[in-house]
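Inspection log for the structure reproduced underneath, given as structure tokens.
The values are calculated or read from the model by the stated rules, or taken from the named source; none is laboratory data. Worth saying up front: this structure is predicted, and the values here are computed from it rather than measured. Reconstructed Cβ throughout: ideal geometry from the backbone, glycine too, with neighbour counts over all protein chains shown. We work out accessible area using only protein heavy atoms, side chains counted, and drop any ligands, DNA or RNA first. Shrake-Rupley method; radii C 1.70, N 1.55, O 1.52, S 1.80 Å.
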Amino acid sequence: MGTVIMHNVVSVDGFIADSNDEVGPLHEWYFSGDTPITPADDQQYDHSAAGTAFRVSPASAPYVRSTWDAIGVIVMGRTLFDLVNGWEGRPPAGGHVVVVSHRSKPGGWHPEASYHFVGDVTAAIDKAQELAGDRTIAVNAGEVGAQILAAGLVDEVAMDVVPVVFGSGKRFFGGIEGQLLLQDPHVVIQGERVLHLRYKVAR
């Protein structure tokens, strides 16, 4: 079965977006380097919203590329799906997406895309495991990610920490309650304007 990794870019005070779902400078490092992550012809959806392909620093590139290459499925919440319109059926990594939502896929929306809508987080991970095989399942942080983590279904937590303080907004760990122990980070990589950290969840 694939490893389930809860992942997101995050501010140093733990936010993945402000209260209006704006990410501010959190994703700038994805597009400000000189090393491409994806082929130039693989940019049918503009993830930067500015016509810029993914280009990171040489320090970040091997980690980001290997992480993305391992992903088979992305699990996301309906809020993010609606914000980006499901990346128009072109996720940044992986061939499949599972959306946790009580609403079904919009009628006629990109029928060619392998997007699956399920009603709860347990069903989402079950579907993701079915689709992923032995590849990684990347769970977007936030409320849905926190629910999956609280349910004991996350194996690792990956954070790309950007040196900015938001003060308030959407939390990486959502509204999770209680304590949950992580092991010492087994990945610590200093990029340019980002610090890559990865922790295994203590069992």
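Overview of results
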item	result
Residues satisfying the stated conditions in the stretch 3-36, i.e. part of a loop (DSSP other than H, G, I, E, B), at positive phi and surrounded by fewer than 16 Cβ atoms within 10 Å (Cβ to Cβ)	Asp21
Subset of the stretch 48-66 that is touching a residue at least 24 places away in the same chain (Cβ under 8 Å) and open to solvent by 30 Å² or more (accessible area, probe 1.4 Å) - its residue that is nearest to Asp34 (Cα to Cα)	Arg55
Of all residues making up the stretch 137-155, the number that are outside any helix (DSSP H, G or I), open to solvent by 20 Å² or more (accessible area, probe 1.4 Å) and either over 14 Å from Phe172 (Cα atoms) or not polar (S, T, N, Q) (or both)	4
Inter-residue pairs, beta-carbon under 6 Å, first closer than 14 Å to Lys127 by Cα and in the stretch 87-111, second outside any loop (DSSP other than H, G, I, E, B) and among the aromatic types (Phe, Trp, Tyr), 6+ apart	Val97/Tyr115; Val99/Phe81; Val99/Phe117; Ser101/Phe117
Where Gly108 falls short, out of the listed (1) in a helix (DSSP H, G or I); (2) at pLDDT below 95	(1)
Every residue from the stretch 177-203 that is open to solvent by 60 Å² or more (accessible area, probe 1.4 Å) and either closer than 25 Å to Glu22 by Cα or in contact (Cβ under 8 Å) with a residue 40 or more places away in the chain (or both)	Glu177, Gln190, Glu192, Arg193, Lys200
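Table: residues versus (1) of a type outside the set (Val, Ile, Thr); (2) at pLDDT 95 or above; (3) closer than 25 Å to His196 by Cα.
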{"residue": "Ala40", "(1), (2), (3)": "yes, no, yes"}
{"residue": "Ala49", "(1), (2), (3)": "yes, no, yes"}
{"residue": "Thr67", "(1), (2), (3)": "no, yes, yes"}
{"residue": "Ile74", "(1), (2), (3)": "no, yes, yes"}
{"residue": "Trp87", "(1), (2), (3)": "yes, no, yes"}
{"residue": "Leu131", "(1), (2), (3)": "yes, yes, no"}
{"residue": "Ala146", "(1), (2), (3)": "yes, yes, yes"}
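Yes/no per residue for (1) over 17 Å from the mean Cα position of the chain (by Cα); (2) over 28 Å from Ala59 (Cα atoms); (3) part of a strand (DSSP E or B); (4) at pLDDT 95 or above:
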position	(1), (2), (3), (4)
Val165	yes, no, no, yes
Ser168	yes, yes, no, yes
Gly175	yes, yes, no, no
Leu180	yes, yes, no, no
Pro185	yes, no, no, yes
Ile189	yes, no, yes, yes
Glu192	yes, no, no, yes
Lys200	no, no, yes, yes
